[in-house]
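Novice: Starting off with a structure, shown below.
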Amino acid sequence: MKKLYGIGTGPGDPELLTVKAVRLIESADVIFAPNNKGRNMALDSAQPYIKKQKVVLLDFPMGKTTRQTYIEAMDQIDENIKDGQTGVFLTIGDSMIYSTFMNMINAEVHDHIEVECIPGIPAFLAGANSILKNVVEKGERFLLVDDAEKMNLTDVDSVAILKTSKNLEATLDKLEAHQFKYYYIKHVSFDQELVLTKRQDILKEKAYMSLLLARKSKI
Ligand SMILES: C[S@@+](CC[C@H](N)C(=O)[O-])C[C@H]1O[C@@H](n2cnc3c(N)ncnc32)[C@H](O)[C@@H]1O
């Protein structure tokens, strides 16, 4: 039997991994992460805990992944973990939120690989903590989206929008039309974290690692 842990590494700060995530990364035989031109943010945040473990970067070409891509990645994982060994697959934030890891797990099941997931701090929660604003209060409704174009703000009090670089101007228009006030947060938990609230400043930004937190009245 082989064991694979999906590990949420949190928003980027290496101090924001759970104790359990650190223990499993330190004791793993192989560490997997999506390849992003030879780098990966989850891998960077786990770097202090990586010593002799083998590191394997897996290719998931952005916008071009198919079920076959995920199956091939799972086959590579299978090849790299020997019987009785443990692998960890690192995901930024939490593995249950818009993650390549779960796309892969849902595409292919290997009966001889036992899979378990360890939660991580999602970027939008780290961002809310950073600006000291509730995501929800008692009785409120919250929406999480990664595609603001399809977002429906009817009956929503609070929203977190990921992948903001897509149609940022139209997103702000929509938030304003529904009387939402917003915070744009870039590089949450990094030294260069930036919080913006003015529309004209936000529209100059293009960072992939950014999110919007917005709510109807109280923000
Ligand atoms: C594919 S989603 C991954 C979400 C992740 N699994 C989570 O739980 O936060 C990628 C998006 O997460 C957001 N994100 C992740 N880390 C971030 C950070 N440190 N600062 C700002 N946004 C971040 C950005 O909106 C980015 O476009």
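Novice: Where a ≥ b ≥ c are the square roots of the eigenvalues of the C-alpha gyration tensor, would you call the range 1-128 rounded, which needs a/c under 1.5, or, failing that, prolate if a/b is larger than b/c, or oblate?
Specialist: Oblate, because a/c is 1.5 or more while a/b does not exceed b/c.
Novice: May I pose another question? At 0.36 nm per residue, and after removing the present C-alpha to C-alpha distance, how many nm does the segment from Lys181 to Asn36 gain when stretched out fully? Display every interim value, and only then the final one.
Specialist: Details: separation 145, 0.36 × 145 = 52.20 nm, distance 3.33 nm.
Value of the extension gain: 48.9 nm.
Novice: Evaluate the charge dipole of the chain about its Cα centre and quote only its size in Debye, nearest 20, assuming +1 on the Cβ of each Lys and Arg and -1 on the Cβ of each Asp and Glu.
Specialist: Dipole of the chain, to the nearest 20 debye: 640 debye.
Novice: Could you tell me which of rounded, prolate or oblate describes the range 64-219, using a ≥ b ≥ c as the square roots of the eigenvalues of the alpha-carbon gyration tensor, with rounded for a/c under 1.5 and, failing that, prolate when a/b is larger than b/c and oblate otherwise?
Specialist: The shape class here is prolate.
Novice: Moving on to the next point. I'd like to compare 167-175, 39-47: which one has the highest average count of other Cβ atoms within 10 Å, and what's the full order after that? Present the calculation step by step, with values, prior to reporting the outcome.
Specialist: Values: 167-175: 16.8, 39-47: 19.4.
Averaged packing, sorted descending, gives the order 39-47, 167-175.
Novice: Further question on the same structure: Please report the net charge: other residues with Cβ closer than 15 Å to the Cβ of Gly12, K and R +1, D and E -1.
Specialist: Values: positive: Arg39, Lys186; negative: Asp13, Glu15, Asp44, Asp94, Asp191, Glu193.
Within the 15 Å Cβ shell, the charges total -4.
Novice: What angle do you read, to the nearest 10 degrees and between 0 and 90, between the alpha-carbon axis of helix 67-80 and the longest principal axis of the chain?
Specialist: Here the helix axis deviates by roughly 40 degrees.
Novice: Now a separate question. Could you work out the helix-only [θ] at 222 nm for the chain, with each DSSP H run of four or more residues adding -39,500 (n - 2.57) and the total divided by the number of residues, to the nearest 500 deg cm²/dmol?
Specialist: Result for the chain, helices only: -7500 deg cm²/dmol.
Novice: Here's another thing I want to ask about it. Name the residue farthest towards the positive end of the dipole of the chain from the options Ala148, Tyr5, Met102, assuming +1 on Cβ of Lys and Arg, -1 on Cβ of Asp and Glu, about the Cα centre.
Specialist: Sorting the options by dipole projection puts first Ala148.
Novice: With a ≥ b ≥ c taken as the square roots of the eigenvalues of the C-alpha gyration tensor of the range 123-215, please select rounded if a/c is under 1.5 and otherwise prolate if a/b is larger than b/c or oblate if it is not? List each step's numbers first, then the result.
Specialist: On the way: a/c = 1.71, a/b = 1.15, b/c = 1.48.
Verdict is oblate for the range 123-215.
Novice: Right, here's the next one. Within a 10 angstrom radius of the beta carbon, how do Phe142, Phe60 rank from fewest other beta carbons to most?
Specialist: Lowest count first: Phe142, Phe60.
Novice: Suppose we keep just the DSSP beta bridges with both residues in the chain; what percent of those would be antiparallel, to 5? Don't skip to the end; give the middle numbers.
Specialist: Numbers: 15 of 39 bridges.
Given both bridge residues lie in the chain, the antiparallel proportion sits at roughly 40 percent.
Novice: Just how large is the dipole of the range 74-152 about the Cα centre, in debye to the nearest 20, putting +1 at every Lys and Arg Cβ and -1 at every Asp and Glu Cβ?
Specialist: Computed charge dipole of the range 74-152: roughly 600 debye.
Novice: Nearest 20 debye, what's the magnitude of the dipole of the range 1-60 about its Cα centre given +1 on Lys and Arg Cβ and -1 on Asp and Glu Cβ?
Specialist: For this selection, approximately 260 debye.
No lab work stands behind these numbers, since they all come straight from the coordinates. Just so we're clear, the structure is a prediction, and the values are computed from it rather than from any experiment. No Cβ is skipped: glycine too gets one built from the backbone with ideal geometry, and neighbour counts run over all protein chains shown.
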